[in-house]
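Q: I have a structure here, written as structure tokens, and I will follow up with some questions on it.
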Amino acid sequence: MAEYKRPNTESESEENFSQIKPLMNSTEAYYESSRCLFCYDAPCVNACPTGIDIPLFIRQINSNNIIGAAKTIFDSNYFGHACGKVCPTEVLCEGACVYNHSDVKPIEIGRLQSYATYQAIATGKTFYTPKASIGKKVAVIGAGPAGISCACELRMHGVEVDVFDSKAMPSGLTVHGVAPYKITNEDVLDEMAYLEKQFGYKLFHNTTISAKEDIEQLQNKYDAIFLGIGLGTTSELSIPGEDLKNVFGAVEFIEEIKIHHHFVTVPNKVIVLGGGNTAMDAASESARMGAETVILAYRRSKEEMGAYAFEYELAKSVGVKGIFNVSPIEIVSSESTFAKSASADKSSVVSGIKFIRTKTVNGKVETIPGSEFVEECDCVIKATGQSKQISFLNLIHDLQLNGNGTIKVNDVFQTTNEKYFAAGDVVSGGEEVVNAVADGKKAAKGILKYLLH
Ligand code: SF4
């Protein structure tokens, strides 16, 4: 394989991770916006979780009112720029565009959206001035898409907002987890700085809220608290060999590449376990980091993968190979054998994965006895789901969780403890950036109603 050379410099890294939806120039934007039919009751709008008036902003671009187009976008979606780049538009707005019925390429809505919002961010255009203070304070825990969206909306209505985040940079997974070929860190952070300047919420970086005392302090100081903490670390597979060297969680692996770029060395033969979009990202990124072979191993069939079809195609386009109906039963090292593997320690490096073949019967995965085999590798990336932050959530009095560990909320995203609201992955269990942005804004409206009742 090795379609990509290992990046040794920042520019080589940028080349390997070149943007799959690059910024349009003005000619491209004019031409593309000319193709829009400005449909009545446009299906693209109905398919957007934030309900952006897409025909309006495309018409504004077409009449050279680029800043007006940006305002139309931000009015519905505070992450207008990031969403133009990272949204799975193929299954949202662009997937709903009427051109699909005529076998004509749908309008490139995402790229037009990024084109307009980029101009507003680059020129520092101010659209919003928060109302005078209404004398209420809200703490937002988590500076991800849900938390920042909630903070912006609350500020618009005169609420004082402090945002706490354990990381050094805001935007949650947008900067730490989205594949670099979808959006650059610079793009994400420019939009974050743009929002912070306009809305004036206070951002406390590197500030972890984790102990009961932290929660009690917030409860005493703030009128309401918003939980936008997302999900936790990659879940354990609970098979022998998980603690070997070069066995990584996908979320942690992707974050490492997002932050340290070409300073990360990805081994030569990588196996990614999982069939979701995170697995596709981890596999694509391994290939772009110069790994010679990248295999995606999934315990069900190709058709049963949770990933979007276009994400799998993207991974295949950089040389990733898929093996299906295989379940890992042990991660092995050169020092370990199947029998003594439980004693293999962290100093041993992974040398392969022992799989067993599977079949799906009545929707359930069944293993096929006697079908075990070892696939060699020197790196394993587990993309088999993220844990929930249950022990932290259990510290909050009266906060009820659903059976799957997500937070129980009502239709305005209020939890069972009336002072707490929540949205984003901590409620949904894992959705797109755009869903978190939409729900964070709705939660802000719920908080306002609660503060003013
Ligand atoms: Fe334009 Fe397609 Fe939306 Fe119609 S559905 S308004 S053609 S983008």
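Residue by residue, here is whether (1) touching a Leu at 6+ places or on another chain (Cβ under 9 Å); (2) on the phi < 0 side of the Ramachandran plot holds:
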residue: Phe164; (1), (2): yes, yes
residue: Ser171; (1), (2): yes, no
residue: Pro180; (1), (2): no, yes
residue: Met192; (1), (2): yes, yes
residue: Tyr201; (1), (2): yes, yes
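Q: Can you find even one residue in the stretch 118-133 that is within 16 Å of the ligand (Cβ to nearest atom) and at pLDDT 95 or above?
A: No, the stretch 118-133 contains no residue that is within 16 Å of the ligand (Cβ to nearest atom) and at pLDDT 95 or above.
Q: Only one of these conditions is not met by Gln60: (1) buried (at least 16 other Cβ atoms within 10 Å of the Cβ); (2) closer than 30 Å to Val294 by Cβ. Which number is it?
A: The single condition Gln60 does not satisfy is (2).
Condition check ((1) farther than 17 Å from Ser235 by Cα; (2) modelled with pLDDT under 95; (3) more than 22 Å from the chain's Cα centre (by Cα)) across all residues:
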{"position": "Gln389", "(1), (2), (3)": "no, yes, no"}
{"position": "Leu395", "(1), (2), (3)": "yes, no, yes"}
{"position": "Leu399", "(1), (2), (3)": "yes, no, yes"}
{"position": "Asn410", "(1), (2), (3)": "yes, no, yes"}
{"position": "Lys419", "(1), (2), (3)": "yes, no, yes"}
{"position": "Gly424", "(1), (2), (3)": "yes, no, no"}
{"position": "Val427", "(1), (2), (3)": "yes, no, no"}
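Here is a yes/no grid of residues against (1) crowded, with 16+ Cβ neighbours inside 10 Å; (2) within 30 Å of Val326 (Cβ to Cβ); (3) in contact with a Gly (Cβ under 9 Å, 6 or more places away or on another chain):
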| residue | (1), (2), (3) |
| --- | --- |
| Val374 | no, yes, yes |
| Ser391 | no, no, no |
| Asn404 | no, yes, yes |
| Ala436 | yes, no, yes |
| Lys441 | yes, no, no |
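Q: Restrict the check to the stretch 98-110 and report whether at least one residue is touching a residue at least 60 places away in the same chain (Cβ under 8 Å), within 26 Å of Val427 (Cβ to Cβ) and surrounded by fewer than 24 Cβ atoms within 10 Å (Cβ to Cβ).
A: Within the stretch 98-110, one or more residues are touching a residue at least 60 places away in the same chain (Cβ under 8 Å), within 26 Å of Val427 (Cβ to Cβ) and surrounded by fewer than 24 Cβ atoms within 10 Å (Cβ to Cβ).
Q: Filter the stretch 146-197 down to the residues that are outside any helix (DSSP H, G or I) and acidic (Asp, Glu), then identify the one that is farthest from the chain's Cα centre (by Cα).
A: Here the residue is Glu160.
Q: Sort out which residues of the stretch 40-56 are farther than 22 Å from Lys442 by Cα and of a type in the set (A, V, I, L, M, F, W, C), and write them in order of number.
A: Result: Ala42, Leu56.
Q: I would also like to ask the following. Scan the stretch 235-247 and give yes if some residue there is more than 14 Å from Lys382 (Cα to Cα) and either charged (D, E, K, R) or modelled with pLDDT of 95 or more (or both), otherwise no.
A: Within the stretch 235-247, none of the residues are more than 14 Å from Lys382 (Cα to Cα) and either charged (D, E, K, R) or modelled with pLDDT of 95 or more (or both).
Q: Within the stretch 75-87, count every residue that is of a type outside the set (Gly, Ala, Ser) and over 23 Å from Asp41 (Cβ atoms).
A: Total meeting the criteria: 5.
Q: Considering only helices (runs of 4 or more DSSP H) fully contained in the stretch 1-111, which possess at least 2 residues that are more than 9 Å from the ligand (Cβ to nearest atom) and farther than 30 Å from Val264 by Cα?
A: 26-34, 54-62, 66-76
The values are calculated or read from the model by the stated rules, or taken from the named source; none is laboratory data. Keep in mind it's a predicted model, so treat the numbers as computed, not measured. Here Cβ is always computed from backbone atoms with ideal geometry, including for glycine, and neighbour counts include all displayed protein chains.
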